[in-house]
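Q: First, the structure itself, so that you have it in front of you.
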Amino acid sequence: MSGGAGQLIHALTQPLDTQTKRDDTMAKTDSFFIRASTPTNGTTYAQSAVDLGSYVDALGKSVLRIHNISVEYGGPLSAYAGAVNSSTQSSFQLTTQSQTDMVNVTDRSVISSGSLAIATGAANVEMMSEALNIAPQDWTKGYLVAVEQIYLGVDQTFDHCDRVSIVLECTVETLSQSAAMALALSQQ
């Protein structure tokens with residue numbers, strides 16, 4: 001066996017972490033997904049609670065970090081209705097406090113918010129535009145949550161979507177008890 005082939009075989013039989021530098025910045029726990037959906041209520045604000053009690057315990061120092069959010073307006077085969085020659089909007093917000101209406105992104109309870117805008121012409125939908133106003137994936141390390149319930153609120157200007165659903169990519173992390181409690185109190 002020539003020296004080059006022998007070195008290649010030796011390299012291939014070594015444990016992977018001795019061949020490449022190990023990334024110690026990876027999360028200490030595997031990520032998992034939390035899914036939630038809120039049915040729309042015509043053009044009236046609607047909200048559903050998302051229970052995080054099995055992941056978050058501020059007294060036990062356990063908090064949730066949301067890394068990403070994906071949003072679905074309606075169902076997989078939903079048709080978007082709209083008034084002829086109009087523009088309409090479906091909006092969502094994910095908050096740490098219960099709300100009675102849509103709130104601005106300056107409200108300290110807002111984790112994420114966004115909307116789907118639809119413009120219709122005489123015959124059909126002419127334009128659709130989805131926007132995330134703020135989202136955990138836009139932050140350097142996601143968004144920490146220390147409350148046991150978050151709320152998915154939805155509203156729309158025309159009844160064209162039957163529900164809004166989200167998928168959150170999360171990890172559970174440990175903070176000191178005082179830091180976890182301070183975060184929980186700031187989010188209530």
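The values are calculated or read from the model by the stated rules, or taken from the named source; none is laboratory data. What you see is a predicted model; the values in this text were computed from it and never measured. Please note: Cβ atoms are built from the backbone with ideal geometry, for glycine as well, and neighbour counts cover all protein chains shown. Side chains are part of the model used for accessible areas, which takes the heavy atoms of the whole protein and leaves out ligands, DNA and RNA. Shrake-Rupley method; radii C 1.70, N 1.55, O 1.52, S 1.80 Å.
Q: Which whole-Hz couplings ³J(HN,Hα) result when phi for each residue of the stretch 170-177 is put into the Karplus expression 6.51 cos²θ - 1.76 cosθ + 1.60, θ = phi - 60°, listed in order with x for Gly and Pro?
A: 9, 9, 9, 10, 10, 10, 5, 4
Q: Could you order peptides 96-108, 64-76, 149-161 by the average number of other Cβ atoms within 10 Å of their residues, highest first?
A: Highest-to-lowest ranking by the protection proxy: 149-161, 64-76, 96-108.
Q: Per residue, what accessible area does the stretch 40-188 have, given a 1.4 Å probe and all protein chains present, in Å²?
A: 48 Å²
Q: Give me, ordered by chain and number, the residues 5 or more places off residue 134 or on other chains with an amide H under 5 Å from its own placed amide H.
A: Long-range HN contacts for residue 134: 113.
Q: So, in Å, what gap is there between the alpha-carbon centers of the stretch 120-188 and the stretch 36-55?
A: Centre-to-centre (Cα) distance: 11 Å.
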